[in-house]
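Notes follow once the structure below has been shown.
The values are calculated or read from the model by the stated rules, or taken from the named source; none is laboratory data. What you see is a predicted model; the values in this text were computed from it and never measured. Here the Cβ positions follow ideal geometry from the backbone for every residue, glycine too, while neighbour counts run over all protein chains shown. Side chains included, ligands, DNA and RNA excluded: accessible areas come from the protein's heavy atoms. Shrake-Rupley method; radii C 1.70, N 1.55, O 1.52, S 1.80 Å.
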Protein chains: 2
Amino acid sequence: MARRSDHTREELKDLILASATKIIEKEGFSALTARKIASDIGYTPGTLYNVFQSMDGLTLALNGITLEKLLPVLAQSKEVNKDKAPEEIMKAMAREYRDFATTNRERWLMMFKHEISDEEEIPEWFRGKIALLFQPLEDVLKDHFTFSSDAKRQIAARFLWASIHGIYFLHETGKLPLLDGEDVCENMTDALIENCVKGLRK
Amino acid sequence: MARRSDHTREELKDLILASATKIIEKEGFSALTARKIASDIGYTPGTLYNVFQSMDGLTLALNGITLEKLLPVLAQSKEVNKDKAPEEIMKAMAREYRDFATTNRERWLMMFKHEISDEEEIPEWFRGKIALLFQPLEDVLKDHFTFSSDAKRQIAARFLWASIHGIYFLHETGKLPLLDGEDVCENMTDALIENCVKGLRK
DNA sequence: CTAACAATTGAACAATGTTTAATTAATGTT
DNA sequence: AACATTAATTAAACATTGTTCAATTGTTAG
């Protein structure tokens, strides 16, 4: 067959991404193969390469969607808790982040396990989404703390974010088991936030 | 050929690990394949499976060696700086960690990129090494701060460690570019430590 | 109706980890 | 010393990957 025109290029792209999502959620991201997607949507592997440059490109597109799903979660969490004390807002945001990672475990893991091929550069549209990721936390800092410069505040937002992520990531991947026990991850994150907030208040 | 007895089982194991190390350092950990190791040491792939259960087992052994190289680095850093203020000791330890990760980049990356196959359990000897990893930091906390319980101190040591690692890991893998600029990673880590130390002092 | 076009395929390639029967060097036995 | 046993090593095969590309065949234009 050829030129079936069952679907436009755009429809095909959506089909592929939807199928990939399904596979990831059902079988984990390491089960995502070109052949599996193709057979799932009733095409052959070659067709995927008409739509995406490579499996790497497909992965990048999936990661972009993951980021887009995550952004409003954090923004809303900040909005909902805006009248609480800053440490409570941050704790809530961290909890939302962990919930998101748990609910969308394989998508989330894929973002960080995916290797960047030697300096293939993260595209600009992707960097843009990442910048937005830190915004809610930066806003909290802007509302409740004073910094000697914008740069200092940006640094604070990012080390907080990286720390919160780092704790959960190590805990969840199990590569460096931190501590056993119920809620130990939440306890660690809350302790981190409490101490940092005290520090930021001087 | 068979039973060449060129090398004992132990020698073979060392040969394999040495060759693997060489390959990783020269070509990156994603270039590590059974065939490449085998041809490098003058054997065939099958022989690797006499010594290791799988490539996964080989990777685990390599990661164990990486941990063993890292442990004394942190312990010594703590020892050398023991007369300084606690925040300075911690900053120095964090710096040593980053230096280690830079110097042994591919080994270090391999530890965290390697996926655990579905609940195949991290072996006990490996968990033991990991526990030692947090010891120097725990000692610093014990020497300079008071905690309401041992558990609280363990939590503090681990969230600090995970945070320091998290910052450097995100920065280095470039998956979530934090900020551009010289020494931005050191600045973030130092800021984290300063704020946490202030918090821990109540 | 025919010619140009382009989406899709199918088959192939190189590379991966892993398994297994066959080989053969070393050891043990008579 | 000759033979039998044992076990380390190999070669070849398998099932998978991602990826490429000439050939095919619907679709569209003239």
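For this structure, a couple of remarks:
- Meets criteria (touching a Lys or Arg at 6+ places or on another chain (Cβ under 8 Å) and either facing another protein chain (nearest Cβ under 8 Å) or modelled with pLDDT of 95 or more (or both)) for residue A:116: yes
- Residue check: residue A:105 meets all listed conditions (1) within 30 Å of residue A:201 (Cβ to Cβ); (2) within 14 Å of chain B (Cβ to nearest Cβ) but one, namely (1).
- In the stretch B:33-92, counting only helices (runs of 4 or more DSSP H) that sit wholly within it, the ones holding 3 or more residues that are loosely packed, with under 13 Cβ neighbours inside 10 Å and in the same structural domain as residue B:164 (by TED's automatic domain parsing) span B:55-80.
- Residue-level analysis places residue A:128 among those that are more than 8 Å from chain B (Cβ to nearest Cβ), closer than 25 Å to residue A:60 by Cα and surrounded by fewer than 15 Cβ atoms within 10 Å (Cβ to Cβ).
- On inspection, residue A:153 passes the criterion of being among the basic types (Lys, Arg) and more than 9 Å from chain B (Cβ to nearest Cβ).
- From the list A:183, A:190, A:143, the lone residue that is more than 7 Å from chain B (Cβ to nearest Cβ) and on the phi > 0 side of the Ramachandran plot is A:183.
- Among the conditions (1) open to solvent by less than 80 Å² (accessible area, probe 1.4 Å); (2) among the charged types (D, E, K, R); (3) more than 9 Å from every other protein chain (Cβ to nearest Cβ); (4) free of Cβ contacts under 8 Å to residues at least 40 places away in the same chain, the only one that residue B:158 does not satisfy is (3).
- Applying the criterion of being of a type in the set (Gly, Ala, Ser) and within 14 Å of another protein chain (Cβ to nearest Cβ) to the residues of the stretch B:13-71, the residue that is farthest from DNA strand C (Cβ to nearest atom) is B:64.
- Total residues in the stretch A:1-32, condition within 8 Å of DNA strand D (Cβ to nearest atom) and either more than 20 Å from the chain's Cα centre (by Cα) or exposed (fewer than 12 other Cβ atoms within 10 Å of the Cβ) (or both): 7
- Condition met for residue A:199 (open to solvent by less than 10 Å² (accessible area, probe 1.4 Å) and facing another protein chain (nearest Cβ under 10 Å)): yes
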